[in-house]
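Working notes, structure below.
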Amino acid sequence: MEKKILIVDDCGTTRKLLGFIVKERGHRIIGASNGLEALEVIAQNPVDLVLTDLNMPQMDGLELSRTIRSNDSYSELPIIMVTTEASETDRKIGMEAGVTTYLTKPISPQRLIFEIEKLL
């Protein structure tokens, strides 16, 4: 069944690559280049899952996650963070911000799809 997945990353190439992987599984992709844009998308067009980077301008993935969790309308929305920040401290901060799954780059397409399907 097709689900709507929001991919949030300030790098257009990364959005396209992740989008390609996710589209292969039959899901619909919506893109945003930062957390503020992502919140606008979610408010106008509900999604089934958010796939976000950590480091972005204007609003990073941590603040995006905290904001999503604080809103009753979509506080249960699954959030997967895909980032190069691989320390245990970064992972802990991400989970405390409300991230459902924390993955570090590089990530295999198979692992990404496994984690997405597990949450959907």
**Q.** Tail fraction, Cα-Cα pairs, the chain, threshold 20 Å, whole percent
**A.** 33
(Q) Out of the total accessible area of the range 37-120 (probe 1.4 Å, heavy atoms of protein only), what percent is carbon and sulfur? (A) 48
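Please identify the longest segment of the chain free of exposed GluC sites (Glu not before Pro), where exposed means a DSSP state other than H, G, I, E or B and no more than 11 other Cβ atoms within 10 Å. Please list the in-between numbers first.
On the way: sites that count: 2, 24, 76.
Result for the longest clean stretch: 25-75.
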Q: Can you check what the Kirkwood hydrodynamic radius comes to for the range 47-109, Cα pairs only, in Å to one decimal?
A: 11.7
Q) Which whole-number value in Å² is the accessible area per residue of the chain, probe 1.4 Å? A) 53
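Calculated from DSSP H runs of 4 or more alone, at -39500 (n - 2.57) each and per residue, what is the 222 nm mean residue ellipticity of the chain, nearest 500? Write out the running numbers ahead of the final one.
Working: 5 runs with 52 residues, N = 120.
Only helices count here, giving -13000 deg cm²/dmol.
The values are calculated or read from the model by the stated rules, or taken from the named source; none is laboratory data. The structure presented is a predicted model; accordingly, all values stated were derived computationally and were not measured. No Cβ is skipped: glycine too gets one built from the backbone with ideal geometry, and neighbour counts run over all protein chains shown. Just so you know, the surface numbers come from the protein's heavy atoms only, side chains and all, with ligands and any DNA or RNA stripped out. Shrake-Rupley method; radii C 1.70, N 1.55, O 1.52, S 1.80 Å.
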